[in-house]
1. Using θ = phi - 60° and the Karplus relation 6.51 cos²θ - 1.76 cosθ + 1.60, list the HN-Hα couplings for the stretch 161-167 in order, rounded to whole Hz, with x at every Gly or Pro.
2. Where a ≥ b ≥ c are the square roots of the eigenvalues of the C-alpha gyration tensor, would you call the stretch 98-198 rounded, which needs a/c under 1.5, or, failing that, prolate if a/b is larger than b/c, or oblate?
3. If each residue of separation counts as 0.36 nm, what is the full-extension length gain between Ala132 and Ala10 once their alpha-carbon separation is subtracted?
4. With all pairs of different alpha carbon atoms counted, what Kirkwood hydrodynamic radius in Å does the stretch 176-287 show?
5. Can you tell me the order of 172-178, 53-59 when each peptide is scored by its average per-residue count of other Cβ atoms within 10 angstrom, highest first?
6. Given the -39500 (n - 2.57) contribution per DSSP H run of 4+ residues, what per-residue ellipticity at 222 nm results for the chain, rounded to the nearest 500 deg cm²/dmol?
7. For the stretch 161-217, rounded, prolate or oblate, judged on the Cα gyration tensor with a ≥ b ≥ c (square roots of eigenvalues), a/c < 1.5 rounded, else prolate if a/b > b/c?
8. For the pairs Lys54/Lys241; Lys9/Lys243; Lys173/Lys241, note any where the Cα-Cα span goes beyond 23 Å.
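The values are calculated or read from the model by the stated rules, or taken from the named source; none is laboratory data. Just so we're clear, the structure is a prediction, and the values are computed from it rather than from any experiment. Heads up, the Cβs are rebuilt from the backbone with ideal geometry, glycines too, and the neighbour counts pull from every protein chain shown. Heavy atoms of the whole protein, side chains included, go into the accessibility calculation; ligands, DNA and RNA do not. Shrake-Rupley method; radii C 1.70, N 1.55, O 1.52, S 1.80 Å.
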Amino acid sequence: MTATIIDGKARALRLRETVAAGVAAFVAAHGRAPGLTVVLVGEDPASAVYVRSKGLATAAAGMVSGEHRLPVTTSEAELLALVAALNADATVDGILVQLPLPRHIDTDRVIAAIDPAKDVDGFHPVNAGRLATGLDALVPCTPSGCLMMIEEALGDISGREALVIGRSNIVGKPMAALLTARSATVTLAHSRTRDLAGHVARAEIVVAAVGIPDLVKGAWVRPGACVIDVGMNRVALADGKSKLVGDVEYAAASERAGWITPVPGGVGPMTIACLLANTLKAARMRAA
Ligand code: GUN
């Protein structure tokens, strides 16, 4: 079997068009555009690239894009003061503080300071708790995008065997919660898991989100499975250049899977599209 490649770029474009239409309707109804403000502390090059893409996508959807770039020497108190000002700013519907933060800043404290109604990352404990208990929530963008791609491939996933590899608050745990809410049978694997190969072999849905290049071997994949690769690992090549690879051995997995996401061009574009969708959702909730 050769897998159908899930084109995250194309799917993300469609979602962005839907969001842009929703933004136009919001402007007509409320006389203002939804606003997303991104905060970047420090000079991490990868983070700077993400922040720039988010700003461009926000403006392209017709929303107001705000950006605060703070020096790496910014104190926690200064960052908390900025978050408080953004919480109080009625033109700001979504606040995203880019992670990772410099080590002298307590990430949990900063996330907890964001108004849960403006938490478009879905990282605040209130949103995480609402997701875990089945209440409507702002849901983290990467797992939201993954679920959309899984459901488009498989349709109803009720009762399906799903394996999530990685237990981060950003991807693994919310992914497991979303799949559970759709009545999949969910296994959450992590660095202490024994016999990862055996778990992968049983799974009809695999979401790999650990950040280890080629961790999931193609030969482990259950024939026909839907494989979602969240990994974005930059590896050095012999010629001194580098390339992005996922957590799944792509070529070998493609020979067995039914569906697979490429890296790049799979999950990444969907994450930004879901961020725009969350910002529109936050604006609608706040306007209601
Ligand atoms: N750093 C890497 N991914 C993310 C994300 O989804 N949100 C934020 N805020 N920071 C990140």
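1. 7, 10, 10, 10, 10, x, 10
2. oblate
3. Taking Ala132 through Ala10 to full extension adds about 40.9 nm, to one decimal.
4. 15.5 Å
5. Per-residue mean Cβ counts within 10 Å order the peptides as 172-178, 53-59.
6. Here the helix-only value at 222 nm equals -13500 deg cm²/dmol.
7. Since a/c reaches 1.5 but b/c is at least a/b, the shape of the stretch 161-217 is classed as oblate.
8. The pairs that break the limit, which is 23 Å between Cα atoms, are Lys54/Lys241; Lys173/Lys241.
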